[in-house]
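Where a number appears in this text, it was derived from the coordinates with a stated rule and is not lab data. Because the structure is a prediction, the values reported are computed rather than measured. Note: ideal-geometry Cβ built from the backbone for every residue, glycine included; neighbour counts use all protein chains shown.
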Amino acid sequence: MNPTNYLVLSAILFSIGAAGVLVRRNAIVVFMCIELMLNASNLAFVTFARMNGTLDGQVVAFFVMVVAAAEVVVGLAIIVTIFRTRNSASVDEPNLLRL
Amino acid sequence: MVHLAVPMAETLTFPSLQYRAMAPILIVLGAAVLGVVVEALVPQAARRAVQLAVTLGGLATALVFVVATPGSELGVVAGGTLAIDGPGLFLQMTILVVAIAAMLVVAERRVDPAGDAFAPRASSLVGSGEEQEQTRRGWSQTEVWPLSLFAVGGMLLFVTANDLLILFLALEVMSLPLYLLAGMARRRRLLSQEAAMKYFLLGSFASAFLLYGSAMLFGYAGSLDFAAIADAFRDKPGQLGLQVIGLTLLGAGLLFKAAAVPFHMWAPDVYQGAPTPITGFMAGAVKVAAFGALLRVMYVALGGAAWEWQPAFWVIASVTMLVGVVLAVTSSDIKRMLAYSSVAHAGFLLLGVVAFSTAGLSATMFYLLAYGLTTVGAFAVVMLVRGPSGEAGHLSSWAGLGRTSPVLAGVFALFLLALAGIPLTSGFTAKFGVFAAAIEAGGVWPVIAAVVASAISAFFYLKVIVLMFFARPGPDAPAVVVPSLLTTTAIGVAVVATLLLGVFPQAFLDLASGSTPFLR
Amino acid sequence: MNVYTPILVLGILAFGFALFSVVVAGITGPKRYNRARLDAYECGIQPTPQPMGGGRFPVKYYLVAMSFIIFDIELVFLYPWAVMVDDLGLFGLVAMLVFLTNLIVVYAYEWARGGLEWD
């Protein structure tokens, strides 16, 4: 199977994620969209590793997975703390910082 | 027996690790892990003192190791993933000096009746009985220290990263602790938490862009190594799509951290919401790290494609300066004003980056040193001027400060003059350097834009100075906290550096230009 | 193909055992139904949304999820090491020990600071 198809898929996934970040209003959903973008990058890395015949891209995918997990924890910690204070996870509602 | 594994060499070769060259990074990250152990094992009452010792000790030791790195250790180390070279060491030194000053400000305990600037437990409900009990017992937030150390470790890695994977990892190690630190303010915590969430969502969005750009460059060059990417740009024409997408997305991710327009929207909100000592740390040290990495990526990895990115960067630099100063003029909160001023400074710094020359490199590095220290000092002063409900953020409450506390107002005026780039301060020498480098590189119009932006910026810096010295104190005049030795030292270092780099800059200019160029 | 045979055999065995257990339990077991038996198993949540503001999970589940994901995903590095443990030798062992020490430090921190008390 032509590896280019995987690249197209990864570009589509990345675009869905980026569009989701810009469009969705719930912090957790925004955050899931960011994870989708990271995983789209992973797919691109693995595909290029296959095309270029090196293992580097697969190593990157490992590290990105772990970093994404750390990001999940930090992000959930922040979102949960805000949720506990305000009982809402909307990104529009916290608006104290607009002048 | 059938082998499932892909064919590979019979014997593995292990990367050789040059521990001496990597020592500063290892020391800071080791101190951070030690800090986590302290959090786990040392009782609450003694924790603060121990953490302070671990943090400052770790940073100071790392600084000594950076300064004392012998020339024979310079080179591309750890299997080609780290470049410990002149610019790398200069930037590491800058980061460590700025971080030490910022940590002294973080340690200040006299700013609030209840202690330092941080909530006792960032996870407790704001204003709950639980939190009041913690405040009454005098608990202090000590997780700030290991988190800051991890961030500093990430920065040291970020400016020496010579490989796309390490670049991404360093970016995350630097950013994740900062997202948390932004949400820990004792006063106005809702604002602080909101800043943390914005910073987190936008920051991870930007790092996803950086990662996808890295994937494209990896696909184009077939390697993660900066030198190999540079070779590919030289020897391998074609695949323009991968080149351009990779370059654009990677650049966008880095420019976000540098707070350049159009990726600057987070800066005012985060700077305003974060606890002020952390704002100083971010504004100073993160700026150094972001521009350090940007310089290395653009000069080493993407140098062969300079004709592709230079025109775009001239435009971004000009727009960043002008947008930054115009927004700074319109803001009425001191922290927001300094945040927009930091956006404008990102534009000035970009002039040095886009010059793409040895002069541009050394001028940018000198600018980072000057700007980092001045900024930490300025935010330390902001922290000390307080109204009844926390810091006196609004500009109107700074009126007449020159009459009530002339020394503090004088120090702040010095910092503002340096940020404006008035002669005999560090800001002038720094700006002169990047402007000269940019003109040499043929960027006459951007430099004209920069001069216009400087003139506009002088207006709002001087507005604050006039307000402090020539206006009468209002009815809600803030109280000025008399700081302990910690903050006094930090502000003192910033003052000395601002004057020294302005009046006798030659030694530091020589140090910066002697540190060039990048090794690859 | 023959390398996948053990996996196939294992799958068949597992499926057969599951089928066997269910069928035999249905035939031989006593049939006494009560309320507690029809409830969800003790570590699960009720399958229908509970009246908590429109089916939200309590926040403490996020704490459990965070602890789980951080320790779970980090162990991904053990797989490549385990596959190549002979070739990696002492270098790999030391590197892995350093890595695990870091994880244990984090675990000790979480334990000492009450991160594992979920009530």
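Translational diffusion of the range B:377-507, estimated by Stokes-Einstein from the Kirkwood radius over alpha carbon pairs at 10 °C in a medium of 1.306 mPa s, is 99 µm² per second.
A Förster distance of 35 Å, applied to the separation of the beta-carbon atoms of A:I16 and B:L125, puts the FRET efficiency at 0.45.
Backbone amide hydrogens, once placed in the peptide plane, bring B:G79 within less than 5 Å of B:S16, excluding anything fewer than 5 places away on its chain.
Quote to one decimal, in nm, the extra length available between C:M84 and C:R113 on full extension: 0.36 nm per residue of separation minus the C-alpha distance between them. Intermediate values should be presented prior to the final figure.
Details: separation 29, 0.36 × 29 = 10.44 nm, distance 3.64 nm.
Stretched fully, the C:M84-C:R113 segment lengthens by 6.8 nm.
How would you rank B:482-488, B:419-425, highest first, on the average number of other Cβ atoms within 10 Å across their residues?
Details: B:482-488: 16.6, B:419-425: 19.7.
Ranking, from highest mean packing down: B:419-425, B:482-488.
Long hydrophobic helices in chain B, taken as whole DSSP H segments with a C-alpha length of 18 Å or more on their own axis and mean Kyte-Doolittle hydropathy at least 1.0: B:19-41, B:44-67, B:86-106, B:144-160, B:164-181, B:240-258, B:306-330, B:334-355, B:358-384, B:406-420, B:444-470, B:485-503.
Could you calculate the contour length gain from B:A455 to B:D510, that is, 0.36 nm times the residue separation minus the distance between their Cα atoms, to one decimal place in nm?
17.0 nm is the gain from fully extending B:A455 to B:D510.
The mean number of Cβ atoms from other chains found within 10 Å of a Cβ in peptide B:188-196 is 5, as a whole number.
When +1 charges are put on Lys and Arg Cβ atoms and -1 charges on Asp and Glu Cβ atoms, the dipole computed for the protein assembly as shown relative to its Cα centre reaches about 1820 debye. Between B:W445 and B:T330, the modelled labels are 2.4 nm apart [label points 7 Å from Cα along Cα→Cβ].
Label-to-label distance for A:N2 and B:A60 is 6.5 nm, based on points extended 7 Å past Cα in the beta-carbon direction. Sorting the segments C:14-20, B:97-103, B:456-462 by their mean number of nearby beta carbons within 10 angstrom, highest to lowest, gives B:97-103, B:456-462, C:14-20.
Computed from point charges on the beta carbon alone (+1 for Lys and Arg, -1 for Asp and Glu), the dipole magnitude for chain B about its Cα centre is near 1180 Debye. Fully extending the segment from B:L499 to B:T13 would add 169.8 nm, taking 0.36 nm per residue of separation and subtracting the current Cα-Cα distance.
Over all alpha-carbon pairs in chain B, figure out the percentage whose distance exceeds 37 Å.
Details: 35482 of 134940 pairs.
Cα-Cα pairs in chain B separated by more than 37 Å: 26 percent.
Counting only Cα atoms, I'd like the Rg/Rh figure for the protein assembly as shown, Kirkwood definition for Rh. Dividing the radius of gyration by the Kirkwood radius yields 0.99. For chain B, the relative contact order works out to 17 percent when only alpha carbon pairs closer than 8 Å and six or more residues apart are counted. Rounded to 0.05, the FRET efficiency of the A:M65 and C:F68 pair, given R0 = 22 Å and the Cβ-Cβ distance, is 0.90. Peptide packing for B:466-478, B:495-507 was compared via the average number of neighbouring C-beta atoms within 10 Å per residue; ordered from the highest value, the list is B:495-507, B:466-478. Ratio of Rg to Rh for chain A: 1.11 [Cα atoms; Kirkwood radius as inverse mean 1/r over pairs].
Estimated purely from DSSP H runs of n ≥ 4, each contributing -39500 (n - 2.57), the mean residue ellipticity at 222 nm for chain A is -27500 deg cm²/dmol once divided by its residues. Computed FRET efficiency, Cβ-Cβ of B:V482 and C:L10, R0 60 Å: what is it to the nearest 0.05? Result of the calculation: an efficiency of 0.25. Using the rule -39500 (n - 2.57) for each DSSP H run of four or more residues, divided by the residues of chain B, the 222 nm mean residue ellipticity is -23000 deg cm²/dmol.
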